[in-house]
Amino acid sequence: MSTTSTTPRALTKGRTRRADADDMAVASFVMGLVGLLVFNIVLGPCALVLGGLALARHTSRPRRALLGLALGAADLIVLATLVTTGGTVSWNLAG
């Protein structure tokens, strides 16, 4: 007879769902922040998805997840502005 536990905590080897959600909130914030400068076409949607998942999984850092959502949306707004004004998807600092 086996005495091993099949609880979710035992299956994740110490990682909890909340810890994963906290990591998602931080990743969302970082991706949204970096996405304002580079790769906003990729990092913006990733920040939105990770921020939403972190909130859905009840992160202990909801403000960071909300900031990630806001920055991800800002990434897409910057992208739309660049496309409509300059016809490009990248920054052009040289006049």
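The values are calculated or read from the model by the stated rules, or taken from the named source; none is laboratory data. These numbers come from a predicted model, not from an experiment. Using ideal geometry, Cβ is built from the backbone for each residue, glycine included, and neighbour counts are taken over all protein chains shown. Please note that ligands, DNA and RNA were not included when accessible areas were found on the heavy atoms of the full protein model with its side chains. Shrake-Rupley method; radii C 1.70, N 1.55, O 1.52, S 1.80 Å.
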Arg15 fails exactly one of (1) outside any loop (DSSP other than H, G, I, E, B); (2) out of contact with any Phe, Trp or Tyr (no Cβ under 9 Å at 6 or more places or on another chain); (3) at pLDDT below 95, namely (1)
So Phe39, is it at pLDDT 90 or above and among the aromatic types (Phe, Trp, Tyr): no
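Conditions (1) assigned by the TED database to the domain that holds Ala21; (2) in a helix (DSSP H, G or I); (3) open to solvent by less than 70 Å² (accessible area, probe 1.4 Å), marked per residue:
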residue	(1), (2), (3)
Val42	yes, yes, no
Ala47	yes, yes, yes
Leu50	yes, yes, yes
Ala54	yes, yes, yes
Ala65	no, yes, yes
Leu71	no, yes, yes
Asp75	no, yes, yes
Ala80	no, yes, yes
Thr84	no, yes, no
